[in-house]
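The values are calculated or read from the model by the stated rules, or taken from the named source; none is laboratory data. The model shown is predicted, which means the values in this text are computed figures rather than measured ones. Glycine also receives a Cβ, built like all others from the backbone with ideal geometry; neighbour counts cover every protein chain displayed. When the accessible area is computed, the model is the full protein with side chains, heavy atoms only, and any ligands, DNA or RNA have been set aside. Shrake-Rupley method; radii C 1.70, N 1.55, O 1.52, S 1.80 Å.
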Amino acid sequence: MSENPLRGDADPGPPFTGSDIGRRVAARREQLGLTREEVAERAGSAPGYLQYLEERSANPGIGFLLRLANALQTTVAELSGETVDLPPGTGRAAYHPELLELSRDECRALLGTHGVGRVAVTTSEGPAVVPVNYLVTDDDVAFRTAPGAAPAAAAGNEVAFEVDHIDDALSQGWSVLVVGEARAVTDPVAAQVLDEMARSTPWAGGDRALWITITPVRVTGRRIAVRQTHVTPEAGRLGDE
C-alpha cells in the first residue's frame with residue numbers, strides 16, 4: 001500500500017488535559033487556520049491567557065467569551081457546548097446563500113484523512129445510514145466495524161459514503177459524497193497498516209477489528225457559501241428622492 005499524499009503524519013502530541021471549552025476553542029481556531037496570537041489580538045487578550053484557556057481549566061467571563069466567539073466567527077453557545085446535543089443546521093439561513101459545486105480535488109481535500117462520516121447500506125431490516133470513524137488511504141475510504149454490525153453490510157456492495165461540516169454560526173457548510181464498491185479487508189498485513197494509520201479507535205468502542213474499504217467510482221461535493229454584496233454610498237442613503 002503506497003503512501004497516501006493526504007495523510008498527515010504530524011505527532012498528535014500529548015493527550016488533552018484542559019477543559020471542554022478550551023478544546024472547542026482550540027479546535028475552532030485550528031479549523032480557521034489562526035494562530036493564538038491572531039485570535040488573542042482579535043479578542044483583546046494576551047496569547048498566554050488563550051494558551052492557558054486551551055490547555056488548562058479556566059473559567060472566563062461572559063465579556064471575554066463574547067469577544068472570543070466573535071474572533072472565532074462562532075457563538076458563545078457553540079464554545080460552551082450548549083448545542084452539543086442538537087443536530088447541526090439549527091441556525092437561520094444567510095441572506096445571500098450560494099450553492100457551489102466542488103471539484104474532485106476540492107472534495108479530496110475536504111474528505112481529508114480522518115474523521116467521522118456516514119455510510120449508507122442495505123440491511124436485513126432495510127436501508128440504514130450509520131456514522132463511522134474513517135480514514136483515507138490512497139484513493140480509498142476505510143472504516144472499522146464489527147462482523148454482523150450494520151456497517152459490515154457494505155462489504156461486497158456499491159455503497160454511498162458522506163462526510164460534511166456545518167457551521168451554524170455562519171450558516172455555511174459543505175458535503176462530500178463518495179459512491180463506490182466496498183470490500184472487507186482480509187489480508188492481515190493490509191489490516192495492520194490501516195490499524196497503524198488510524199489516529200483513534202472507533203468512538204463506539206467494543207471489538208471492531210473488521211476493516212471495510214470503499215473504492216470511489218464517483219466523488220461529488222457541494223458547498224453553501226454566503227455571496228458577498230457591495231453597497232454603494234448612494235444605495236445606503238436614506239430619504240433621497
| query | Quick check, is residue 22 open to solvent by less than 20 Å² (accessible area, probe 1.4 Å) and closer than 23 Å to residue 166 by Cβ? | reply | yes
| field | Count of residues meeting criterion [closer than 30 Å to residue 76 by Cα, part of a strand (DSSP E or B) and either in contact with a helix residue (DSSP H, G or I) (Cβ under 7 Å, 6 or more places away or on another chain) or open to solvent by less than 40 Å² (accessible area, probe 1.4 Å) (or both)] in the range 170-183 | value | 4
| task | Could you grab the pairs with beta carbons closer than 8 Å, sequence gap of 6+ or different chains, first residue in the range 184-209 and under 15 Å from residue 146 (Cβ atoms) and open to solvent by 40 Å² or more (accessible area, probe 1.4 Å), second one in a loop (DSSP other than H, G, I, E, B) and basic (Lys, Arg)? | result | 201/208
| Cross-chain or 6+ apart pairs with Cβ under 9 Å, the range 148-163 first and touching a residue at least 24 places away in the same chain (Cβ under 8 Å) and of a type in the set (A, V, I, L, M, F, W, C), then surrounded by fewer than 20 Cβ atoms within 10 Å (Cβ to Cβ) and part of a helix (DSSP H, G or I) | 163/110
| task | Return a yes/no flag: does the range 82-89 have any residue that is open to solvent by less than 90 Å² (accessible area, probe 1.4 Å), at pLDDT below 60 and either within 26 Å of residue 171 (Cβ to Cβ) or not β-branched (Val, Ile, Thr) (or both). | result | yes
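With the structure loaded, tell me whether residue 74 is surrounded by 11 or more Cβ atoms within 10 Å (Cβ to Cβ), of a type in the set (S, T, N, Q), assigned to a loop (DSSP other than H, G, I, E, B) and modelled with pLDDT under 75 or whether it fails that test.
no
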| Could you list, in sequence order, the residues of the range 93-140 that are over 18 Å from residue 199 (Cα atoms) and β-branched (Val, Ile, Thr)? | 119, 121, 122, 123, 129, 130
| task | State which residue is nearest to the chain's Cα centre (by Cα) when the search covers only the range 134-158 and only residues that are among the hydroxyl-bearing types (Ser, Thr, Tyr) and open to solvent by less than 10 Å² (accessible area, probe 1.4 Å). | result | 137
